[in-house]
Amino acid sequence: MPAALAIGLVFTLGMLVTDTLDARLLCRLLRDPRPGVAQRRRRALGGVIVLMAYGVVAYSLLSHFAPALELSHTAYTAIGAAMVGGLALFILITVLRERRASIAGGQV
């Protein structure tokens, strides 16, 4: 039961972080008057999400056809937490990069 609880908590935290960051990013997108910036941001974020989804599918297929390679609950939870952290880091780097570019007066 503790592993299931941990997985549920990590999933809930992941959804909370991801949805909050996505909503904040979307708010910024709608307020940015520069042409093309919103489209570039959404494409970059969408690309990261698609890569994460492909990773989940690849793992599911691999564990289905080679059950010996299936991860433990702890490893699976750690990977989920790392994905959430990676997405948060990606968004942070993107925001900092764009702030630096706007301070310098350049384009992203």
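Assorted remarks:
- Taking the empirical scaling 2.2 N^0.38 Å for compact globular proteins as reference, the range 41-89 has a Cα radius of gyration ratio of 1.30.
- Counting all C-alpha pairs of the chain, share separated by more than 20 Å (%): 51
- Taking label points 7 Å from Cα along the Cα-to-Cβ direction, A101 and M52 give a separation of 2.2 nm.
- FRET efficiency for the A88 to R34 pair, using the beta carbon distance and R₀ = 22 Å, is estimated at 0.35.
- Relative contact order (%) - criterion: Cα under 8 Å, at least six apart; region: the chain: 40
- Length gained when the stretch T74-L5 is fully extended (0.36 nm per residue, less Cα-Cα span): 23.7 nm
- The charge dipole of the chain, taken about its Cα centre with unit charges on the Cβ of Lys, Arg, Asp and Glu (plus for the first two, minus for the last two), comes to roughly 720 debye.
Rule-based calculations on the coordinates, nothing more; no lab input. Predicted model only: the values in this text are computed from it and were never measured. Counting neighbours? That spans all protein chains shown, and the Cβs are built from the backbone with ideal geometry, glycine included.
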